[in-house]
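The values are calculated or read from the model by the stated rules, or taken from the named source; none is laboratory data. The structure presented is a predicted model; accordingly, all values stated were derived computationally and were not measured. Backbone-built Cβ (ideal geometry, glycine too); neighbour counts: all protein chains shown.
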């Protein structure tokens, strides 16, 4: 289908879609007027019932914990997909680095970037752990904290070089974290079943709302999800990095020896 | 604020060079995060900022570096 | 004013689709796909909004305060994470396709070529 024909078909289809969308959206209640009952009910009962002050996290991990299980495993299978797709290119590593453009130096990381980057790693890890642990009280939770922790690993790569990142966060550690996190989350749900209730029933003792050790299983599942997301994102990022940089480390080693 | 969202989305689509587009996508993610914050959704704003302004442009840049590295 | 959020949702979805259709680079295509997905986040959040209401976090305000709907926020949270992972998977596919066929143009990557 040539370009012109495609543009014409799209013009018809796109405008039709836009018209249909706007017509459908016109029937919604006005922006700012909220009619549904569930939001109001949840806002009223979530805090006394589950003793967590963050209602969104309560919905995610307790009332609709099943959806979060599905999302966790979407993350898991996407990471598996990325690693298996990019692993087919591993055969290139066997190629000797001499047929690259000879004598090309890769510039060393400047000292300013190194110091700033390495100085930022501990606060990032601390902030990530804080966001994961306080998910049931303040905005945050497993996902946000997990991605923050994964970027701490990436900061190590940015400020030092690839080999340092490999030593600090080896692949088997990320894989272990991801697997254990996903399994841990599923186990929380199953143990709700075992303890004589529904799947994902919140059966641990709930403290008073506003304290750190409250909200029962929500705390445990926050940690499990944080672990799984950290492992998953670190694995994905290092898979992408590995492809671009195996050659680079070869060049750096040759340049240092020269 | 919403007009800013529409403008950012238009600019992300109309930039044809993927490298420029990665930066614009990061700005778009940040603008969306701010909009979610204005709409009283702090959890979602945190998640969107962390994912859409950091993790996503990072992956785009890495994919581009990989594609360009193969041509040398 | 009250229809503007929904109009922006429709506009972002349409322009994302335009980007997907007229794309000349697979990475550009994947980014436009993620833009289309972000229009769904906008729609979900704008449904749950209440005028003059605060966030559904009751850490420092008493429980009875008027707050925005938390259910759609939980849905959007899931949506954001899933969107990012799907985009990552598509990027890996794009990298692999570029490696095998040497071109990043979606019009060239047709099945009858190989």
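Inside region C:51-79, residues that are more than 15 Å from the chain's Cα centre (by Cα) and touching a residue at least 40 places away in the same chain (Cβ under 8 Å) make up a count of 0. Looking only at region C:80-103, filter to residues that are surrounded by 15 or more Cβ atoms within 10 Å (Cβ to Cβ) and more than 7 Å from every other protein chain (Cβ to nearest Cβ); which one of those is nearest to the chain's Cα centre (by Cα)? Looking at residues that are surrounded by 15 or more Cβ atoms within 10 Å (Cβ to Cβ) and more than 7 Å from every other protein chain (Cβ to nearest Cβ), I get C:83.
Each residue in region A:1-60 was checked for being over 27 Å from the mean Cα position of the chain (by Cα) and either at positive phi or not in a helix (DSSP H, G or I) (or both), and 12 of them qualify.
Looking only at residues in region A:62-71 that are at the interface with chain C (Cβ under 9 Å from one of its Cβ atoms) and either over 16 Å from residue C:81 (Cβ atoms) or surrounded by 24 or more Cβ atoms within 10 Å (Cβ to Cβ) (or both), the one that is nearest to the chain's Cα centre (by Cα) is A:68. Considering region A:160-258, the qualifying helices (runs of 4 or more DSSP H), each wholly inside and each with 1 or more residues that are modelled with pLDDT of 80 or more and farther than 30 Å from residue A:46 by Cβ, run over A:171-194, A:217-257. Among the residues making up region A:45-56, those that are closer than 18 Å to residue C:66 by Cα and either at the interface with chain C (Cβ under 7 Å from one of its Cβ atoms) or crowded, with 22+ Cβ neighbours inside 10 Å (or both) are A:46, A:47, A:52, A:53, A:54, A:55, A:56. Residue C:72 meets the conditions (1) at the interface with another protein chain (Cβ under 7 Å from one of its Cβ atoms); (2) at pLDDT below 90; (3) crowded, with 21+ Cβ neighbours inside 10 Å in every case but one. The failed one is (1).
Selection over region C:7-29 of residues that are assigned to a helix (DSSP H, G or I) and at the interface with chain B (Cβ under 8 Å from one of its Cβ atoms) gives a count of 9.
Of the residues screened, residue C:77 is not one that is touching a helix residue (DSSP H, G or I) at 6+ places or on another chain (Cβ under 6 Å) and either more than 10 Å from chain A (Cβ to nearest Cβ) or more than 23 Å from residue A:34 (Cβ to Cβ) (or both). None of A:47, A:12, A:56 is touching a residue at least 12 places away in the same chain (Cβ under 8 Å) and over 20 Å from residue C:47 (Cα atoms) except A:47. Considering region C:38-62, and only residues there that are more than 10 Å from chain B (Cβ to nearest Cβ) and part of a helix (DSSP H, G or I), the residue that is modelled with the lowest pLDDT turns out to be C:47. Under the condition of being surrounded by fewer than 19 Cβ atoms within 10 Å (Cβ to Cβ) and not in a helix (DSSP H, G or I), which residue from region B:3-58 is nearest to the other protein chains (Cβ to nearest Cβ)? Selected residue: B:16. Checked against (1) under 27 Å from residue A:37 (Cβ atoms); (2) surrounded by fewer than 23 Cβ atoms within 10 Å (Cβ to Cβ), residue C:20 meets all criteria but (1).
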